[in-house]
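Enquirer: I'd like to ask some things about the structure below.
The values are calculated or read from the model by the stated rules, or taken from the named source; none is laboratory data. Because the structure is predicted, anything quoted here is derived from the model rather than measured. Cβ: placed from backbone, ideal geometry, glycine included. Neighbour counts: every protein chain shown.
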Amino acid sequence: MTKDKAASEEKPDSGASNEAQPQQSVNKSFIVTHWHSIAIIFLVLAVAGMYQWKNVAVNSAKTQVTEQANRIIAEQNTSYLRLVAVPLTWAVRSEMIRNNYDQVNQYLSQFVKEKNMKEIIVAKPDGTIVVATNKKREGTSVTSIFPLPVLQEDKTVVTAQENGDIMVVSPVMGLSSKLGVLILLSTPPRFTVQTP
């Protein structure tokens with residue numbers, strides 16, 4: 001009886017182990033048979049992740065380069081405009097002393113043709129615009145276009161406007177008094193990174 005009992009106890013155990021083996025072989029066979037597909041899916045995911053990371057890095061670099069270039073261009077434009085305004089103011093001054101506004105008009109008309117120049121105005125100390133490249137402005141008050149402090153400047157000042165233009169205000173000084181003010185507006189170029 002003990003042998004039969006032992007034999008009957010062994011049979012269910014061997015049946016249970018037989019049932020567990022097909023499940024493991026089914027699981028193993030799925031992974032084994034589809035390992036190529038799984039590897040391809042992982043490779044596709046890795047390539048897509050690297051592509052996305054590269055795009056983010058390139059866009060970040062483009063933004064940094066554009067911001068740095070625009071800052072450098074703005075600094076150079078400011079220096080250039082300050083440098084240019086001084087001799088123009090001297091030329092305007094010598095003609096204003098002689099009341100030769102025709103010559104002042106010719107200077108401004110030629111100067112505004114330069115690249116990125118938008119508008120040039122010469123106003124008297126009371127604010128009346130005497131010469132302007134935009135003829136509609138002549139005879140009007142400079143304070144209707146610009147803030148009052150432009151008339152009070154005693155040195156050449158360069159400021160950036162909200163619309164991106166650069167404004168240069170330079171006083172036109174006579175021998176004993178202020179003859180007026182020269183206002184120059186320029187639209188500087190903007191730098192952008194373009195993809196080929």
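Enquirer: Any idea which residue in the stretch 51-98 is farthest from S170 (Cα to Cα), counting only those that are among the basic types (K, R) and assigned to a helix (DSSP H, G or I)?
Expert: Looking at the filtered set, the residue picked out is K54.
Enquirer: Which pairs do you get when a residue that is within 16 Å of N134 (Cα to Cα), found in the stretch 169-189, comes within reach of a residue that is assigned to a strand (DSSP E or B) and of a type in the set (V, I, T), reach meaning Cβ atoms under 6 angstrom, with the pair 6+ apart or on two chains?
Expert: L182/V122; L182/V172; I183/I121; I183/V169; L184/I120; L184/V168; S186/I166
Enquirer: Of (1) closer than 30 Å to K62 by Cα; (2) touching a residue at least 40 places away in the same chain (Cβ under 8 Å); (3) of a type outside the set (G, A, S), P125 satisfies all except one. Which?
Expert: So the condition that P125 fails would be (1).
Each row is one residue, and each column tells you yes or no for (1) modelled with pLDDT of 90 or more; (2) more than 27 Å from the chain's Cα centre (by Cα); (3) surrounded by fewer than 20 Cβ atoms within 10 Å (Cβ to Cβ); (4) hydrophobic (A, V, I, L, M, F, W, C).
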residue: M96; (1), (2), (3), (4): yes, yes, no, yes
residue: I121; (1), (2), (3), (4): yes, yes, no, yes
residue: V150; (1), (2), (3), (4): no, yes, no, yes
residue: S170; (1), (2), (3), (4): yes, yes, no, no
residue: L184; (1), (2), (3), (4): yes, no, no, yes
residue: T187; (1), (2), (3), (4): no, no, yes, no
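Enquirer: Can you work out which of the residues in the stretch 135-150 that are hydrophobic (A, V, I, L, M, F, W, C) and in contact with a strand residue (DSSP E or B) (Cβ under 6 Å, 6 or more places away or on another chain) is farthest from V169 (Cα to Cα)?
Expert: V142
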